[in-house]
Structures are given as structure tokens and as C-alpha cells.
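Throughout, read-outs are computed from the coordinates displayed, never taken from laboratory work. Values in this document were obtained by computation on a predicted structure and should not be read as measured data. Methodologically, a virtual Cβ is constructed for each residue, glycine included, from the backbone with ideal geometry; neighbour enumeration extends over all protein chains shown.
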Amino acid sequence: MRAETVPFLGPADVSAGPRSRSERTADSRLLILDAAVACLVEDGYSGASTLAVQARAGVSRGRLLHHFPSRAELLVAAAAHLSTTLLTDVQQRAAALMADQPSGRERVERAIDLTWATFQEPPFWAAMELWTAARTDPELQAALRSEERRLRAAIRAVADGIWGPEIAAAPLYAELCELLFTSMRGVAIVYAFEERPAATDPHLDLWKRLAARMLFPDSQG
């Protein structure tokens with residue numbers, strides 16, 4: 001997997017005047033989350049220790065533990081923070097991509113292209129690091145399980161917006177989304193050790209043909 005640099009916040013802007021205690025607390029929490037994201041994506045789970053995150057965020061040990069008492073809570077919160085940011089970005093990209101209001105197969109193909117692109121981005125690799133580590137870490141499993149349920153609901157809501165109400169109402173839409181997410185996740189793992197352009201992956205055509213058959217069973221071709 002190619003290492004991707006994840007930006008995190010710098011020092012607060014002192015020109016804005018004195019900040020309240022709640023603002024300072026929120027700022028320090030965000031600094032810690034951004035630092036944890038950077039460590040997790042760039043250095044993997046093993047490199048995202050609480051000491052590494054603390055050093056990168058530039059906060060005290062007490063401040064870090066005040067926000068996140070355990071490493072599992074910290075890293076799961078960091079992955080959720082990154083995923084929430086991505087979902088907002090995907091919504092904006094989808095609005096631009098679907099600005100001309102495509103329908104039918106054209107909309108399906110664009111939705112699949114956009115969905116596949118998200119499996120090449122930092123949130124996916126952060127999640128992969130945590131899923132792999134959670135196999136042998138009960139504490140991480142517990143923290144990840146509850147967050148995964150919330151995140152799946154958020155992803156589904158964004159996906160519904162990308163596909164549009166007409167397609168989302170199709171009888172096999174939910175099954176198709178589950179199949180696509182599962183398949184894309186498996187295919188994306190290959191890119192951890194293979195250098196090839198994801199935009200020309202042969203599975204893209206397969207996913208689009210499969211989607212057309214499931215969503216438009218009465219059409220020809």
C-alpha cells in the first residue's frame with residue numbers, strides 16, 4: 001500500500017482572541033484525532049501507539065487520556081472521524097457528479113465509479129488496519145463493533161443519495177449494495193501490495209453489468 005500523508009491541524013489561530021475552555025477542549029480533541037489518523041494511515045496499527053499520537057499532536061499525556069482513556073477508544077474514534085470527513089466529501093463529489101441528473105444505467109455506472117474510488121482512500125486503509133488488529137484484540141473488537149453499526153447506517157444514507165430515490169426503490173437495491181461493498185472491499189485489499197490503476201480494474205465492468213441486471217431485469221443487454 002502506498003503511504004498517504006494525512007494532514008492534521010496546526011496551532012490554533014491566536015489572532016481570534018481568547019477562547020473558552022470548551023473551545024480549547026474541542027481543539028485538543030481534534031488535534032489528537034488528526035494525529036491518530038495520520039499515525040494509523042501512515043504507520044499502521046502497530047505504529048499508532050498512544051505515545052506516537054501524543055507526540056504528533058503535541059499534547060500532554062493527561063490531556064490525551066482525558067479524551068481517550070484507552071488506545072482502542074482513541075483509534076476507533078480516529079477512524080470514525082476520518083470516515084465522517086470522507087462521507088461529507090463524497091456527498092459533495094456526488095452532487096457535482098450527478099449535477100446533470102443522470103438516470104438509469106448512466107447513473108448506476110457513475111455511482112459505482114464513485115463508490116469504488118472510496119476504497120482507494122485513507123479511511124478504507126485505516127479501517128483495514130483496525131479490522132485486522134481486532135481479530136486478536138477483544139477490547140478493540142468491542143470498541144469497533146458499536147462504531148461499525150453507526151458508520152454502516154451513515155454509509156447507507158450517503159449511498160442512497162448517490163444512487164438516487166428511483167434506483168434506491170428497486171426491489172434488489174439493498175442486496176446489490178451489500179454485494180458491491182463486500183466485493184469492492186475484497187478487491188481493494190489487493191492494492192495493498194500491487195501497483196496498478198484502480199480506475200481500470202476489470203471488476204468495474206463486471207460490477208456495472210451485474211448492477212444493470214439486478215436493477216433493470218426487464219431491459220435488454
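Taking every C-alpha pair closer than 8 Å and separated by at least 6 residues, the mean separation divided by the residue count of the chain gives a relative contact order of 23 percent. Each principal axis of the Cα cloud of region 73-125 was taken in turn, and the coordinate range along them, longest first, works out to 42, 16, 12 Å. Shape analysis of the chain based on the Cα gyration tensor places the equivalent ellipsoid semi-axes at 36, 20, 16 Å, largest first.
Length gained on full extension, residue 212 to residue 55: 51.5 nm, using 0.36 nm per residue less the C-alpha separation.
What net charge is computed for the residues neighbouring residue 84, neighbours being all others with C-beta under 12 Å from the C-beta of residue 84, Lys and Arg scored +1, Asp and Glu -1? Walk me through the numbers before you get to the answer.
Values: positive: 150; negative: 89, 147.
That sum, taken over residues with Cβ under 12 Å, equals -1.
Cβ crowding within 10 Å, taken as a proxy for footprinting-reagent exposure, orders 112, 155, 32 from fewest neighbours to most as 155, 112, 32. Here region 107-137 is scanned for amide nitrogen atoms under 17 Å from the site 7 Å beyond the Cα of residue 178 along Cα-to-Cβ, giving none.
Each Lys and Arg adds +1 at its Cβ and each Asp and Glu adds -1 at its Cβ; summed about the Cα centre, region 70-215 shows a dipole of about 280 debye. The distance separating the Cα centre of region 107-155 from that of region 171-206 comes to 14 Å.
Counting only GluC sites (Glu not before Pro) that sit in a DSSP loop (anything but H, G, I, E, B) with at most 13 other Cβ atoms within 10 Å, what is the longest stretch of the chain containing none of them? Walk me through the numbers on the way to the answer.
Numbers: sites that count: 4, 194, 195.
With a cap of 13 other Cβ atoms within 10 Å, the longest stretch comes to 5-193.
Nearest 10 degrees, 0 to 90: what angle lies between the long axis of helix 203-215 and the longest principal axis of the chain (Cα atoms)? Helix 203-215 sits at roughly 60 degrees to that axis.
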